[in-house]
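Peer 1: Handing you this structure, nothing more for now.
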């Protein structure tokens with residue numbers, strides 16, 4: 001049975017969050033063993049008696065094969081902490097979601113993302129700023145993240161798509177329960193050119209209590225959060241709070257002191273958020289002007305230990321595959337197969353006669369990053 005089914009199973013049980021999921025993995029080694037464990041073992045893992053009993057009761061009610069078949073039928077992808085495709089920036093935050101449900105595709109380039117959030121009761125001024133910012137970011141290869149809500153969120157998503165960019169929507173419901181319902185078509189467009197995602201299991205309705213916690217994912221996926229307009233009690237301010245805890249940059253658009261929609265943003269600026277006076281403010285603060293270089297450097301980051309060893313062996317001088325094998329101390333079959341893949345990724349180049357060189361600029365970026373990380 002697919003191990004991910006057990007992650008979904010525990011995700012369906014109330015009060016099994018990031019901390020308890022980590023405790024189960026640490027104690028049992030894998031969640032399949034945890035799912036099949038007896039009550040005493042579950043208690044020993046740190047769940048406590050009542051929660052252990054809840055797990056045993058859920059195990060009797062939940063047919064994991066049936067649940068998984070439904071997920072597959074809906075085209076929903078599952079990412080867990082253990083998947084290398086799990087968003088790296090989100091994984092950095094404290095108590096990141098153990099399970100993500102995704103419709104669409106999360107790509108490595110989505111690491112370069114900015115969240116745009118704000119009020120549902122957007123003014124013409126807020127709409128204009130949202131459109132200009134989302135269009136500018138999308139045109140510069142930066143993914144726009146928001147919450148698919150009415151107002152600022154929807155405008156940000158729509159504009160990013162119109163500009164030919166990528167956009168991610170984080171839901172306060174299951175990814176099969178689009179809310180608000182009038183955004184169904186928008187969600188479908190986003191699935192084609194980005195993704196909608198949630199840490200709530202499919203079938204979860206859009207309860208009011210679900211939305212504040214989902215905001216931690218919006219900020220967690222992003223390098224920065226921009227609050228366009230927000231009243232004093234706006235949910236966008238909760239996203240800004242999560243961003244502050246997560247160490248993300250926070251920008252707020254200043255507005256009239258008389259406008260209710262600007263009370264929250266003006267307060268953010270008063271409390272230390274950066275005022276967004278131009279779209280270039282974000283580009284400069286986050287060094288997005290070098291985004292092409294950043295993306296190129298990412299392509300050279302080794303996917304596994306084999307790639308890393310080969311990249312360390314290779315340089316600007318041609319090296320025969322037999323010498324590469326010898327220096328890397330790896331089987332020739334693995335070396336040949338990995339070199340072929342690295343060539344497709346633009347990390348190395350064959351210069352004839354089974355001789356290879358590292359792509360100089362990218363290899364230099366990788367080694368510089370490695371030396372910096374080692375300090």
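The values are calculated or read from the model by the stated rules, or taken from the named source; none is laboratory data. Keep in mind it's a predicted model, so treat the numbers as computed, not measured. In this analysis, Cβ positions are derived from the backbone assuming ideal geometry, glycine residues included, and neighbour counts consider all displayed protein chains.
Peer 1: Would you be able to say whether some residue in the range 134-142 is in a strand (DSSP E or B) and under 27 Å from residue 238 (Cα atoms)? So that I can check it myself, show each step before the final result.
Peer 2: Of all residues in the range 134-142, those in a strand (DSSP E or B) come to none.
The answer is no; no qualifying residue exists.
Peer 1: Further question: Quick one: which of 106, 101, 125 is under 30 Å from residue 9 (Cα atoms), in contact with a helix residue (DSSP H, G or I) (Cβ under 9 Å, 6 or more places away or on another chain) and touching a residue at least 24 places away in the same chain (Cβ under 8 Å)?
Peer 2: None of the other options fit; the residue is 101.
Peer 1: Okay, moving on. Which condition does residue 29 not pass, out of (1) at negative phi; (2) surrounded by fewer than 18 Cβ atoms within 10 Å (Cβ to Cβ), if it passes all the others?
Peer 2: (1)
Peer 1: Within the range 60-84, count every residue that is part of a loop (DSSP other than H, G, I, E, B) and closer than 25 Å to residue 29 by Cα.
Peer 2: 6
Peer 1: Using the structure shown, decide if residue 217 is assigned to a helix (DSSP H, G or I) and either within 17 Å of the chain's Cα centre (by Cα) or not assigned by TED's automatic domain parsing to the domain that holds residue 256 (or both).
Peer 2: yes
Peer 1: Could you count how many residues in the range 193-212 are over 25 Å from residue 166 (Cβ atoms) and either outside the structural domain of residue 107 (by TED's automatic domain parsing) or part of a helix (DSSP H, G or I) (or both)?
Peer 2: Counting residues in the range 193-212 that are over 25 Å from residue 166 (Cβ atoms) and either outside the structural domain of residue 107 (by TED's automatic domain parsing) or part of a helix (DSSP H, G or I) (or both) gives 3.
Peer 1: With 156, 201 as the choices, which residue is within 19 Å of the chain's Cα centre (by Cα) and modelled with pLDDT under 95?
Peer 2: 201
Peer 1: Which pairs have Cβ atoms under 7 Å, sit 6 or more apart or on different chains, and link a residue in the range 310-321 that is in contact (Cβ under 8 Å) with a residue 24 or more places away in the chain and assigned by TED's automatic domain parsing to the domain that holds residue 342 to one that is surrounded by 13 or more Cβ atoms within 10 Å (Cβ to Cβ) and part of a loop (DSSP other than H, G, I, E, B)?
Peer 2: Short answer, once both residue conditions are applied: 311/302; 311/347; 320/354; 321/354.
To keep it simple, each residue is scored yes or no on (1) in contact with a strand residue (DSSP E or B) (Cβ under 9 Å, 6 or more places away or on another chain); (2) under 17 Å from residue 129 (Cα atoms); (3) touching a residue at least 24 places away in the same chain (Cβ under 8 Å).
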{"position": "218", "(1), (2), (3)": "yes, no, yes"}
{"position": "244", "(1), (2), (3)": "yes, no, no"}
{"position": "259", "(1), (2), (3)": "no, yes, yes"}
{"position": "277", "(1), (2), (3)": "no, yes, no"}
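Peer 1: Here is a follow-up. Quick check: is even one residue across the range 34-47 modelled with pLDDT under 90, assigned to a loop (DSSP other than H, G, I, E, B) and either on the phi < 0 side of the Ramachandran plot or in the same structural domain as residue 201 (by TED's automatic domain parsing) (or both)?
Peer 2: yes
Peer 1: Right, here's the next one. Taking the range 47-64, which residues are farther than 17 Å from residue 21 by Cα and out of contact with any helix residue (DSSP H, G or I) (no Cβ under 7 Å at 6 or more places or on another chain)?
Peer 2: Answer for the range 47-64, where residues must be farther than 17 Å from residue 21 by Cα and out of contact with any helix residue (DSSP H, G or I) (no Cβ under 7 Å at 6 or more places or on another chain): 57, 60, 61, 63.
Peer 1: Return the residue satisfying two criteria in turn: it lies in the range 159-192 and is out of contact with any strand residue (DSSP E or B) (no Cβ under 7 Å at 6 or more places or on another chain) and part of a loop (DSSP other than H, G, I, E, B), and of such residues it is surrounded by the most Cβ atoms within 10 Å (Cβ to Cβ).
Peer 2: It comes out as 172.
Peer 1: Next question, about the same structure. When you scan the range 340-361, do you find a residue that is at pLDDT below 75, within 30 Å of residue 132 (Cβ to Cβ) and touching a helix residue (DSSP H, G or I) at 6+ places or on another chain (Cβ under 8 Å), even just one?
Peer 2: For the range 340-361, residues at pLDDT below 75, within 30 Å of residue 132 (Cβ to Cβ) and touching a helix residue (DSSP H, G or I) at 6+ places or on another chain (Cβ under 8 Å): absent.
Peer 1: Take the conditions touching a residue at least 24 places away in the same chain (Cβ under 8 Å) and either within 20 Å of residue 278 (Cα to Cα) or under 12 Å from the mean Cα position of the chain (by Cα) (or both) and apply them to residue 183. Does it pass? It would help to see each step written out before you state the result.
Peer 2: Numbers: touching a residue at least 24 places away in the same chain (Cβ under 8 Å): yes; either within 20 Å of residue 278 (Cα to Cα) or under 12 Å from the mean Cα position of the chain (by Cα) (or both): no.
No; evaluated as a whole, the condition is false for this residue.
Peer 1: Can you find even one residue in the range 1-18 that is part of a helix (DSSP H, G or I), loosely packed, with under 13 Cβ neighbours inside 10 Å and not assigned by TED's automatic domain parsing to the domain that holds residue 202?
Peer 2: Checked the range 1-18: no residue is part of a helix (DSSP H, G or I), loosely packed, with under 13 Cβ neighbours inside 10 Å and not assigned by TED's automatic domain parsing to the domain that holds residue 202.
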